[in-house]
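Derivation of every value follows stated rules applied to the coordinates shown; laboratory data play no part. Note that the structure is predicted; figures quoted are calculated from it, not measured. Please note: Cβ atoms are built from the backbone with ideal geometry, for glycine as well, and neighbour counts cover all protein chains shown.
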Amino acid sequence: MPATLRHFAINAHDVPRAKSFYEQVFGWTFTPWGPPGFYQTRSAGHGFVGALQGRRDIGGKTMPGTEISFGVEDNKSTIAAIEDHGGQVIMQPFRIDGVGELIFFQDTEGNIAGAMQYERDQW
């Protein structure tokens, strides 16, 4: 089954300022979720879950302004495919309780994205 674009995150140096911007410009609403300074929005489009969070480094790479994550059926197979086709896994599987297992990878062009093996379909 093809991977599905399921999640995006906007990384910010100043999360409160960015939150205000997206609320005012696009009318999005945000709910605190997870660690301090991490917000979630479900008002960006049907089937999408968005995040607003502080910019961070993963695997020695600074995360871009906007990142995307794909929903996959099996992270082990996805990791193998990434590596077999010239990509690099920059964050090994990380379990998010109640959500699933997340990896981050860099593609052959230097783009960084995530792949999440979700626990349940409603995500």
Checklist entry - Which residue, chosen from 77, 38, 100, occupies the Cα position most advanced towards the positive end of the dipole of the chain, where the dipole is computed from +1 (Lys, Arg) and -1 (Asp, Glu) charges on Cβ about the Cα centre? => result 38
Checklist entry - What nm distance separates the two modelled labels at residue 74 and residue 95, each placed 7 Å from Cα along Cα→Cβ? => result 2.0 nm
Item to check | Least to most buried among 33, 28 (fewest other Cβ within 10 Å first) | outcome: 33, 28
Checklist entry - Expressed as an acute angle from 0 to 90° and rounded to the nearest 10, what is the orientation of the C-alpha long axis of helix 15-26 relative to the principal long axis of the chain? => result 80 degrees
Checklist outcome for this item: Hits in the range 73-93: amide N under 18 Å from the 7 Å Cα→Cβ extension of residue 108, namely 78-90
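Sorted by packing (mean other beta-carbon atoms within 10 Å per residue), highest first, where do 60-71, 88-99 land?
60-71, 88-99
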Checklist entry - Based on the Cβ-Cβ distance from residue 26 to residue 62, what FRET efficiency comes out when R0 is 41 Å, to the nearest 0.05? => result 0.95
Checklist entry - Rg (Å, one decimal) plus Dmax (Å, integer) for the alpha carbons of the chain? => result 14.6, 44
Item to check | Hypothetical label at residue 1: residues of the range 73-117 whose amide nitrogen lies under 13 Å (7 Å Cα-Cβ projection) | outcome: 73-75, 117
Next on the checklist: Let me spell out the model: positive unit charges on the Cβ of Lys and Arg, negative unit charges on the Cβ of Asp and Glu, origin at the Cα centre of the range 4-118. What dipole size does that give, in debye rounded to 20?
Outcome noted: 440 debye
